[in-house]
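Take a look at the structure set out below.
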Amino acid sequence: MANRGDAFLARLRRGEVLVFDGAMGTMLFAAGLTDGACPELWNATHPDVVRGIHRGYFDAGSDFVETNTFGGTRLKLTAYGLQDRTRELNVLGARLAREVCPPSRFVAGSIGPTGHLPDWFAPLGDVSEQTLTENFREQAEALAEGGVDLFAVETMMYPEEAVLAIQAAKEATGFPVMCTMFFQFERDKGRDRTMWGTSPEEAAKILLEAGADVLGMNCGDGGPERAAAIVRAMRTVTDAPLIAYPNAGLPIVHKDGRTTYELSPEEMVKGYPAILQAGANIVGGCCGTSPAHLARISALVKAGR
Ligand SMILES: [Zn+2]
């Protein structure tokens, strides 16, 4: 039986532009998650909230959503003393999205950075490559057990960790893997680079060679305008499906401690025709976006179908 991940890739191959979802963290904070608490624990303690966020994005027109498991590697969960619940929190995260996923739409298992560097990154590195690989494999297997169709390896800061995550997820499951990196806009030089200095073109080549089925950018500090520039740059080196899900501009921290983002749904969507023009096959939103943002983005994409 062909798995649903194959159906996902087939739609991209037919030239369809797909709509991803928006922020999870921003929505959890709005629902009462406090700073310093573990977002993934809410898969166990607040399943209705997490399900409701997924449902909000499906209702807004998302063709697929990602699980609340961004920090779900054992290394990340160790910071909260939750390492023994690694499998459970990832399985639950996958199930919550699956439960509200309409037929013919999809669930991507979110896999974020571990926050650690391999030991050859002296003097900052403190884990072996094998440990990183084991972390990603464990998370991917649990997400697959919970019912995801593909993976979203995302917000990667340096290519080496992205490569290990792509390879581990592929080897563990055979499911399609999307991989997106975090780019900073270097304003003085007018260019986009990862935290470790990788250009969009170099990143695209590295991620493809590692086996990513879809590649691109997410988060970042440049908003939709830089997303378009990054997609354009990646498009010069590959015909593979590209994805962009930028932040709603920059965060604004208010006096009362609340954080909001610069771009309203109306303002944000104005940047998306350029992203599509640049050659993106999938668009969505990262930090600061909501179902209201995604409804606008979805309407734009669907008007072009
Ligand atoms: Zn983000």
Measure out, as a whole number of angstrom, how far apart the alpha-carbon centroids of region 258-281 and region 128-205 sit. 23
Normalised by the residues of region 193-305, what does the relative contact order come to in percent, with Cα pairs under 8 Å and at least six apart? 26
Options Ala228, Ala295, Ile282, ranked by Cα towards positive dipole end of region 188-305, top entry (Cβ charges): Ala295
Per residue, the convex hull enclosing the Cα atoms of the chain spans a volume in Å³ of 132
Placing each pseudo-label 7 Å from Cα in the direction of the beta carbon, Asp256 and Asp221 end up separated by a distance in nanometres of 2.8
Given H placed on each backbone N at 1.01 Å, which residues far from Leu18 in sequence or on other chains put an amide H within less than 5 Å of it? Ile282, Val283
Can you work out the PRE-style zone for Ala7? Point 7 Å along Cα to Cβ, and I want the residues of region 94-110 with backbone N under 15 Å. 98-108
What does the extension gain come out to for Ala292 and Glu88, with contour length at 0.36 nm per residue minus their alpha carbon separation? 70.3 nm
Distance between modelled label sites at Ala31 and Thr78, nm, 7 Å Cα→Cβ extension: 2.9
Using 1/(1 + (r/R0)^6) with R0 = 25 angstrom and r between the beta carbons of Ala122 and Thr236, what's the FRET efficiency to the nearest 0.05? 0.15
Length-normalised contact order of the chain, Cα under 8 Å, at least 6 apart, in percent, tallies to 19
Considering only region 200-305, percent of DSSP beta bridges that pair antiparallel, nearest 5: 30
Express in % the proportion of alpha carbon pairs of region 76-116 at distances exceeding 15 Å. 52
Give me the one-decimal nm value for the distance between modelled label points at Glu209 and Asp188, 7 Å along each residue's Cα-to-Cβ direction. 3.0
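Coordinate-derived values only; no laboratory data. Small disclaimer: the values here were computed from a predicted structure and weren't measured. Every residue, glycine among them, receives a Cβ derived from its backbone with ideal geometry; neighbour counts consider all protein chains shown.
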